[in-house]
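Report on the structure given below.
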Amino acid sequence: MRAVALATGAAVVVGWPWAVPRYFVFLASLVVINAIVAIGLNLLSGYTNQLSFGHAGFLAIGAYAAAIVLVRAPALPAPAAILLGGLVTAAVGLALGVPCLRLEGLYLAMATLAFGFVVVEVILNLDWLTRGNDGMHVPAARIGPWTLASDTARYYLVVAVAALLIVAAVNLSRTRTGRALLAVRESEIAAQASGVNLAVYKTLAFVVSAFYTGVAGGLFALVVGFLSPDSFDVFLSVDFVAMIIVGGLGSIAGSVIGAAVITTLNDSLAGFQSYRPLIFGAILVTSMLFMPGGIASALRKIPGAGPRPPLTRRRSMISRASLLLLLAVTLSALPAGAQGVSDTEILIGGSNSFSGPLTYTGEQITKYGVDLYARVINDAGGIHGRKIRTVYYDDAYRPQDAVANTKKLVEQDKVFAIIIPQGSPPVVATLAYLDENKVPLLFPYQSSPETRGKKWVLQGMTLSDRSSKMMIDYLAGQRKLKKFAALYQDDEYGKSFLTAFEKDLARYNLKLLAAESVKRGVMDVSAQVAKLQTAKPEVTFLVLVPGPAAQALRERQKIGWTDTLMVSTGPLTDEKYLALAGDAAEGVEGLSLWPDPLTSDLPGVKLYRDHMVRYFPKNEPNRYSLAGYFAGLLFAEGAKRAGRNLTRESLMAAFESLKGFESGILPPITIGPDHETQKQGFWVRVEKGRFKQLTDWLKSE
Amino acid sequence: MTTATLVHVIVSGLATGSIYALMAISLVIIYNATRTLNFAQGEMLMVSTFVGWTALQVLQAPLAVALLVAVAASALLGFILERVVIRHAISATHFDVLIITLGLSLMLRSAAGLAWTHDEFPFPSFFSNRPLAVGPIRVAPVSLGIIGASLALMLALGALFRWTRLGRAMRAVAQNQRAARLMGISVERVYSSSWIIASVVGAIAGVLIAPVVFLSTKMGLVAINGFTAGVLGGFGSLPGAVVGGMLLGVLENLAPLYLPSSIKHSVPFLVMITILLVRPGGVLGHVARRKV
């Protein structure tokens, strides 16, 4: 009986890639990776009662260690790199575990939480090793002569490693060590009285837990193919904790179930966009209210399940878990036509932020931007008789979620093209995959030059090096200003501008006098502003997002610092930060990439406002939705020119032949070999709370 | 760095620190009563501030009325969440309650986004942003106002805990729940009151900080700093929460002044790890060291 069940289980796991669509192979890999982390975390929390909120940190260490080794020594077999990642993480676990022995409960949770933040900071600052904010591409793994290039190959690697680790964990829990750990959980005093060396076993749990998570990290690096500090935020640690609590503390099968449930849930909810956290939260709350102790303990309580020997119970739980999984999979597997173009419809979509730090932008560029134009053109009869339909998934600004969503869009929904995904790390993480599958990536809303000149990419937002060139040429060239400083956001966006500023200033034999960074979601910028003031710059660049930028302006007002010109970058120059800063914004200048969405008289912008009033009367016009609207407009233009026989190739060819296209919003667009659609901006100054245009469109060639 | 700058940066840090302290206090109040961390504390602050702001917009009410509306909404929200959700799970393990408050925080943030969008909004302040010059030193009334208001609130809370029946009951439950029950204290009432008081403190903190960091669904993230502040001061201790908050606010501001940029953002966390390892009970705490 047991052998039959095990054999069935093994057959399902092995046959999985051949029975399901490609996307679910990738998803299954993620589930299994998370299951390894959950088992590792459960060995710590479930067995010795030490709750950790820092396992995303361990995952990051394992992932980066394996990736760095693979970059430096490409010939190394993948399992060796993964093992190395695990060992490095275990060593860190030991270093953290020993001092943490003195902490318990809440204090341990806080210490591990802090550890998670510190790991991300370390990754950011060791940028010579980790490429910091830019993120790191992980080379394809090799085992001997084979390259693990396909999702299926990587899936088998993940499953094989997981099988080893699960067997090890099950065996560990049945040995003297496992029983000692359980004894520690039940009562530390009793365990000690029975001769269990508390310090040794608690440290051991920490080390083993870190090892499991580190190995999972190595697999994560290979499966996702791109690492960035954004992947390992504190919410990922919280997800891991949710997995073991929902699954059941102290149960290995529970860890697997919890990982499967949370991962598939997160994935199938991505399509609910803004509702995703609401539904996810509601499920967490109700499941904990009605299933205290998690799924594992709820299954144990099912009448008829009765007091059975533990082995049978575990097996039946695994089969229930696979049932749950299958259900989730069939729920999210929707039928779709080929390649996203039918006789009546064109399907486009993208992964974007509908939760996380950039939610507002994400909602505006998609639902009130692209969709606004789609409604306009659909009501006018569509493009060659085809209506535009859009589909978006939430990635919460995490690269791994963006990869998962993009695979789902291409393989499940079969979208024709990806439109306006947001943020450098999530977009860059999907570049290789989209190129390999020859899917057009249209107008990504990010400013890292990595997207320039790629065959299947048409860049949207003006890239940071072009913005910088226009700003420095105008200020140092035309206005002859000499002393520059910058206040920048400590991420990819801020750093790419900083590098570009330094390069462009060097052309004028100038340097940045000072540069200070602020974190996203900062509470107080007084120290940074004070430090910049001591450098006495004539010009202070603000490379920030609206909130912190407005804070910086108000801080300047607070200390009465008047003898510097504050200049905002292209992505920042918008009405929002004017509104937030109030009278502190007076006299601020900036490079504007878009005409004023509220007041511009350009015909295209007027139309945009009319359309907004008609379709979304409650939504105020703003630069984000204008950018999305423009993306929709440009796509429609390309699709129109490609004609009735619309293919991905004909679309790209149509775009490449675009010359001097008048949109009524931006200057005439010609798409050259660099594949950039936007290259210009104009200078503005804030006068009486509004942007006043000071120059015509500036050149960045 | 001139003394004037230093004073300004420290005062600014104390203002932020006051908010951390208030956040820590509300977390500690709930922790003392129910031994659980409330992950939704920050989101409750955010939602009540949004409600107050709506009163400003819709009723064209003065700011003081908005504050009252925010406080009332917050008290109601705290009461309902405790009665409807948390109390049902109180017999379960603390881990379960942790996940419940986590779920609540996701729900609150998402619902607030649906109601008010995830945009950022300016929020009026009781205090001016223009500097007051005292000799060479410039201080912003907004910083002083936040510090003053927070201190007043802390004193009121101190009086409540020290001298009122409810305060004594809350302290008794924090010390020993079973003994408190045996002494005839209604532990359920203490749960309820703790959630209400914590929510009210949060709402006031929200209205104080919204003009500085602006009103948005991201505001709730301040709770993370509140956790840190609580741990710095020794979780469970109210004076500790105040000291921890102020310490964190000032440290956060001094670090960028003196440290290279590569480590300055880690300072709060490094300090926390260090304090946990050296003085696990926090700077004011006196938890007995365990030998293992």
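The values are calculated or read from the model by the stated rules, or taken from the named source; none is laboratory data. If you're wondering where the values come from, they're calculated on a predicted model, not measured in any experiment. With ideal geometry, Cβ positions are generated from the backbone for all residues, glycine too; neighbour counts draw on all protein chains shown. Areas reflect the complete protein model, heavy atoms only, side chains present, ligands, DNA and RNA absent. Shrake-Rupley method; radii C 1.70, N 1.55, O 1.52, S 1.80 Å.
Worth pointing out:
- Lys, Arg +1 and Asp, Glu -1 on Cβ, resulting dipole of chain B about Cα centre, debye, nearest 20: 1000 debye
- Per residue, the average separation of C-alpha pairs within less than 8 Å and at least 6 apart gives region B:51-110 a relative contact order of 21 percent.
- Euclidean distance of C-alpha centroids, region A:206-260 and region B:45-82, integer Å: 39 Å
- Reachable lysines from A:Lys618, criterion Cα separation under 21 angstrom, eight or more residues apart if same chain: A:Lys367, A:Lys576, A:Lys606
- Distance (nanometres) between label positions extended 7 Å along Cα→Cβ at A:Val170 and B:His94: 3.4 nm
- CD proxy at 222 nm, helix term only [per DSSP H run n ≥ 4: -39500 (n - 2.57); per residue of chain A; nearest 500]: -18500 deg cm²/dmol
- Estimated FRET transfer efficiency (A:Ala380, A:Leu602; beta-carbon r; R0 25 Å; 0.05): 0.75
- Net dipole in debye of the protein assembly as shown [+1 Lys, Arg Cβ; -1 Asp, Glu Cβ; about Cα centre; nearest 20]: 2320 debye
- Rounded D (µm²/s) - region B:59-211, Kirkwood Rh over Cα pairs, Stokes-Einstein at 10 °C, 1.306 mPa s: 87 µm²/s
- The relative contact order of chain B comes to 35 percent, based on Cα pairs under 8 Å that sit 6 or more residues apart.
- Cα lying deepest toward the dipole's positive end in region B:121-240, options B:Thr228, B:Ala172, B:Tyr191, charges on Cβ: B:Ala172
- Averaged over residues, the count of other Cβ atoms within 10 Å places the peptides B:241-252, A:612-623 in the sequence B:241-252, A:612-623, highest first.
- For the protein assembly as shown, the share of DSSP beta bridges that are antiparallel, to the nearest 5, is 40%.
- Region A:40-118 and region A:584-602 have Cα centres lying 47 Å from one another.
- With the gyration tensor restricted to C-alpha atoms of region A:65-121, the semi-axes of the equivalent ellipsoid amount to 30, 12, 7 Å, longest first.
- Kirkwood Rh in Å, taken over all unlike Cα pairs in chain B: 19.7 Å
- Inter-chain neighbour count for A:108-116: the average number of beta-carbon atoms from partner chains within 10 Å of each residue's beta-carbon is 6.
- Residue-normalised accessible area of the protein assembly as shown, given per residue in Å² at a 1.4 Å probe: 37 Å²
- Each label was represented as a point 7 Å from its Cα along the Cα-to-Cβ direction; for A:Val71 and B:Gln57 these points are 4.5 nm apart.
- Segments A:534-547, B:168-181 sorted - mean Cβ within 10 Å per residue, highest first: A:534-547, B:168-181
- Once both labels are positioned 7 Å from their Cα atoms along Cα-to-Cβ, the gap between A:Ser194 and A:Asn437 label points is 5.2 nm.
- Efficiency of FRET between A:Lys699 and B:Thr274 - r from beta-carbon atoms, R0 51 angstrom, step 0.05: 0.45
- Placing unit charges on the Cβ atoms of the charged side chains and taking the dipole of the protein assembly as shown about its Cα centre, the candidate lying farthest along the positive direction among A:Gln551, B:Ser18, A:Tyr608 is B:Ser18.
- Taking Cα centre as origin and charging only the Cβ of basic (Lys, Arg, +1) and acidic (Asp, Glu, -1) residues, the dipole magnitude of region A:343-431 rounds to 80 debye.
- Here's the picture: charge each Lys and Arg Cβ at +1 and each Asp and Glu Cβ at -1 in region A:527-674, and of A:Ser568, A:Asn619, A:Ala581 the one pushed furthest to the positive end of that dipole is A:Asn619.
- Average Cα contact separation per residue, chain A, under 8 Å, 6 or more apart, as relative contact order %: 12 percent
- Multiplying the residue separation of A:Asn619 and A:Arg507 by 0.36 nm and removing their Cα-Cα distance gives an extension gain of 36.0 nm.
- For A:Trp18 and A:Asp674, a Förster radius of 51 Å and the Cβ-Cβ distance give a FRET efficiency of 0.75, rounded to the nearest 0.05.
- Peptides A:433-445, A:396-408 ranked from most to least packed, by the mean per-residue count of other Cβ atoms within 10 Å: A:396-408, A:433-445.
- When the P(r) is computed for region A:433-584, the part past 24 Å accounts for 36% of the Cα-Cα pairs.
- Cα-based reach from A:Lys480 at 18 Å (exclusive), listing lysines while leaving out same-chain residues under 8 positions away: A:Lys469, A:Lys503, A:Lys511, A:Lys536, A:Lys699
- Per-bin percent of Cα-Cα distances, chain A [20 Å]: 17, 47, 30, 6, 0
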